[in-house]
1. For n ≥ 4 DSSP H runs only, could you compute -39500 (n - 2.57) per run for the chain, divide by its residues and tell me the 222 nm figure to the nearest 500?
2. Excluding residue 24 itself, calculate the net charge of residues whose Cβ lies under 12 Å from the Cβ of residue 24, where each Lys or Arg counts +1 and each Asp or Glu counts -1.
3. Could you work out the Kirkwood radius for segment 4-52, taking every pair of different alpha carbons, averaging 1/r and inverting it, reported in Å?
4. Pairing the Cα long axis of helix 43-52 with the longest principal axis of the chain, what angle in degrees results, from 0 to 90 and rounded to the nearest 10?
5. If we count trypsin sites (Lys or Arg not before Pro) as exposed when they sit in a DSSP loop and have at most 13 other beta carbons within 10 Å, what is the longest stretch of the chain that avoids them all?
6. If you take every residue apart from residue 13 with its C-beta less than 14 Å away from the C-beta of residue 13, what net charge results, scoring Lys and Arg +1 and Asp and Glu -1?
Amino acid sequence: MDELLKAHEAAALLHTSERFVRRLIAERRIEFVKIGRHVRIRESVLTAFVVAGTVEPLTTHDVTGKAA
């Protein structure tokens, strides 16, 4: 079982604000766990969020247009 993180811990892991993490939760853009009135985020969910947002480069050319 993954470690369950509080919003401020998830924010620290992502190097973002706690507000951003709370917005992701409110917009249901990430999966979360409710334990009573407490909200927790699995560490693996944050990893999946980062992987899903990773953008590969279109080409290996540099900005001058020459092949690298």
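1. Values: 3 runs with 27 residues, N = 68.
Calculated mean residue ellipticity at 222 nm is -11000 deg cm²/dmol.
2. Numbers: positive: 19, 22, 23, 28, 29; negative: 18, 27, 31.
My count for the surroundings of residue 24 gives +2.
3. On the way: mean 1/r = 0.0946 Å⁻¹.
So the Kirkwood estimate lands at 10.6 Å.
4. Roughly 30 degrees, rounded to the nearest 10.
5. Values: sites that count: 28, 29, 37, 66.
It runs 38-65.
6. Details: positive: 6, 40, 42; negative: 2, 3, 9, 18, 43.
Value of the local net charge: -2.
Since every read-out is calculated from the coordinates, none of them should be taken as a lab result. All values derive from a computational prediction rather than experimental measurement. Neighbour counts run over all protein chains shown; Cβ positions are idealised from the backbone, glycine included.
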